[in-house]
Amino acid sequence: MTLTTTQKSLDTLLTGDRQYQIPDFQRPYVWEEPQAIALVNDLLGAWRTDDGDYFLGSVVLVCHPSGDDVDIIDGQQRMTTLCILLALLRHLAGTESGLHGDLNKRLSVAESTIKGLDERPRLLVRECDRDFFDTFIVGDNIDSLLDVDASALTPASVRRIHDNARAMLQVVADPDVLSIDEIQNFVQYLMLQVSLIEVSTDSYQAAHRIFSVLNTRGVPLSAADIFKARVLSHVDADARPRYASLWEQSIDSLGTENPDAFFGHLLTLALRSPAKRALIDAFGEQVLTPFFESKSGEQFIDEVVVPNARAYSLATLEPLVGHPAATPLQLLRLYESSDWKPAAMAILSADRSDEETVSLLTSLERVYGTAVAARIVPGSRALIVTQFIAALEDGEPTDAACAVSDDIRHRAAATISRPLPQSTIRKVLLYHAMVAEQGTFPTRLPRSLGVLSGLPAAPIRGIGSDVDLRAWNRRLGGLVLTTIKSRTVNQAPDWDTVARALHEVPTVGAFTVGTLPSDGGEISASALEGRQTYLTRMILDYWNIRRDSDGVDLSRLSSSELEAAVDKRSAARGRQVRLADVVATGIISPGDTFVWRRRNLGNVYVVTISPEGTIVLPDGQEVSSPSAAVSALTGNGSAAALDVFVRESDGKKLRALWDKYRSRFTSS
């Protein structure tokens, strides 16, 4: 293996018989207009200010065994964009200019009778981009490019070449930016004073190691890019283009701009535990390295990437009409968090009967859904999922992994009983009640279906005087799945008008979740309590958590009794009070903001309470306690955390809220 590094001017790089080839297994051209324009403006700015040599980063190359040609392993985004820029400058210079011919020689490799070479493009882009790039960019057809309908261009990389060329032309064709008389001077600067570090090797393995630690200018390498490079370096050279295409098809099927999350799920599957290190390091060392000790890159793509991508797509994206596991999958898709996906992938990627698949996904949805309803923090939720995965892959019964403790049962029931925050938990609960009532996930739901507080903000005729509108518009019993808007409810003259509007909504208008009680055009608090109890029982029965280990029917307990049951296990007298415990009682609510004003230093810190009962700091970091927040914000924990944070909504200090919790739930 040889490795050389040389600083080369752009002119040196683009002179001679060398052709730069972008292998088909490389990622597509991904630069968008902002990055392309930024490069042009940077170069123009450096030239205008006579800022000396301009360093443009590095390009990693693998030399072909024979001849001058090389494969670009890193640097294709810049090389492609620079060639587009040179083609635009050649176009502006005009065919009568000597500069036109000079730039032709940089964009094309001349015919060589001695070497038996035909004239060819200096940069050989991926096959899917080649016709467009060679015709319009290398072939000097910029005028024709401007007439192309970009909306019809495929794949996306071709559209980006087109769009970037148009955007860059608008910059360099502006006489206030670059006059015709200045083009030659600017091109001289580009060719002679703009340089890159060329890193050349004859080994793909070495090139990929270098590639793994470099970033392209303006587009950081994603973990998926690095994994692709490493896996393909373990693929036989003849099979590499086919497996590169298979990899890209699999990644495209995920339907996401961030495939790194998919590889995070693969890492969780491999480790059977939540990852504790950065994805790139952990996946490389704990998944790829041991795999390649005995297997090939082809096997990794065939056995790991393809089946898991198919499973991921089915779990998250594909239409489910007619699928035997449609109901549990539709319910899983309701959750904001994605930590259930590795377990779903483990179920769906294996060869199982429909009956077993449905049973396992239903069990997964049950154990995960109850944890979400119980407001279990993400780290603990992830442990529940990985225990499920371990049992599944070891061929053991999943009963133990799917067991729901009394604490979680009580917490879930308490969540259902109390006012619900404006988050996806409302939708999750209503959909579960609907499925429990209907026996399956309905297939023809209205597209614009959403959650609505079904009672008006102010009293209207037909609403009993005992109905607390503000309270019921936050409780499950007062929420509906419907397509009507809040203005329909708030502008109605009487309750009968609202009730009829809800009933008229297609499909859900016939379901309990889509309607509210109306007896002779009237609604009472007792009717709402009855609906609350009915929906609660539907949900608890669906998850099979209605009774705890003592046989207590949780749907019969009042909110205060449920809170006491939760409190008995989570904040017993003499034990340190946790923020999550206080949030669970509603004394502090998710979304509450607290302010710490350090007047002597002029600092103001604003933090937010998350649905999981953690404190979200201004930079997005989450901590579990007020003292941890103080430490994270200042670097030390010297301030009395309960005394410095004040709730914005009512001016109460955390200490007052802490004391309120203690007086209600920890006193004898």
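Is region 107-199 rounded, prolate or oblate when judged by the Cα gyration tensor, a ≥ b ≥ c being the square roots of its eigenvalues, rounded requiring a/c under 1.5 and prolate requiring a/b larger than b/c? Judged from the Cα gyration tensor, region 107-199 comes out oblate (a/c at least 1.5, b/c at or above a/b). Computed over all pairs of different Cα atoms, the Kirkwood value for the hydrodynamic radius of region 428-512 is 13.5 Å. For the chain, the share of accessible area belonging to carbon and sulfur comes to 47 percent (1.4 Å probe, ligands and nucleic acids excluded). One decimal place: the segment ASN185-ASP163 gains 5.3 nm when fully extended, by the rule 0.36 nm per residue minus the C-alpha distance. Label point of ASP354 set 7 angstrom out along Cα-Cβ; within region 436-470, no amide nitrogen lies under 13 Å from it. Taking only the alpha carbons of region 379-434, we obtain Rg and Dmax values of 14.3, 41 Å in that order. A Förster radius of 35 Å, combined with the Cβ-Cβ distance separating SER273 from SER448, puts the computed FRET efficiency at roughly 0.30.
Could you order the peptides 179-192, 77-90, 323-336 from most to least packed, using the average number of other C-beta atoms within 10 Å per residue?
77-90, 323-336, 179-192
Here the gap between ARG547 and VAL177, fully extended at 0.36 nm per residue and compared with their Cα-Cα distance, gives a gain of 125.7 nm. Given R0 = 45 Å, the distance between the Cβ atoms of LEU117 and ASP50 translates into a calculated FRET efficiency of 0.70.
Extending 7 Å from the Cα toward the beta-carbon at both ARG556 and ARG662 defines two label points whose distance is 3.7 nm. Ordered from highest to lowest accessible area with the whole protein assembly present and a 1.4 Å probe, ASP50, ASP281, ASP174 read as ASP50, ASP281, ASP174.
Measuring nothing but how far apart in sequence close Cα pairs (under 8 Å, 6+ apart) lie, relative to its length, region 353-466 scores a relative contact order of 24 percent. The slack between ASP399 and THR6, meaning 0.36 nm per residue of separation minus the straight C-alpha distance, is 135.3 nm. The structure-derived value of percent of Cα pairs over 51 Å apart appears in the list (i) 14; (ii) 31; (iii) 45 under the label (ii). Annotation: aspartates and glutamates with alpha-carbon distance below 13 angstrom to LYS427 (same-chain offsets under eight excluded): GLU336. Among SER610, ALA628, VAL646, whose Cα projects farthest towards the positive end of the dipole of region 598-654, with charges put on the beta-carbon of Lys, Arg (+1) and Asp, Glu (-1)? The residue sitting farthest along the positive end of the dipole is VAL646. Note that region 399-515 presents 44 Å² accessible area per residue, ligands and nucleic acids not counted, probe 1.4 Å.
The values are calculated or read from the model by the stated rules, or taken from the named source; none is laboratory data. All values derive from a computational prediction rather than experimental measurement. Glycine gets a Cβ as well: all are built from the backbone with ideal geometry, and neighbour counts include every protein chain shown. Ligands, DNA and RNA are stripped out before the accessible areas are found, and what is left, the full protein with its side chains, is counted by its heavy atoms. Shrake-Rupley method; radii C 1.70, N 1.55, O 1.52, S 1.80 Å.
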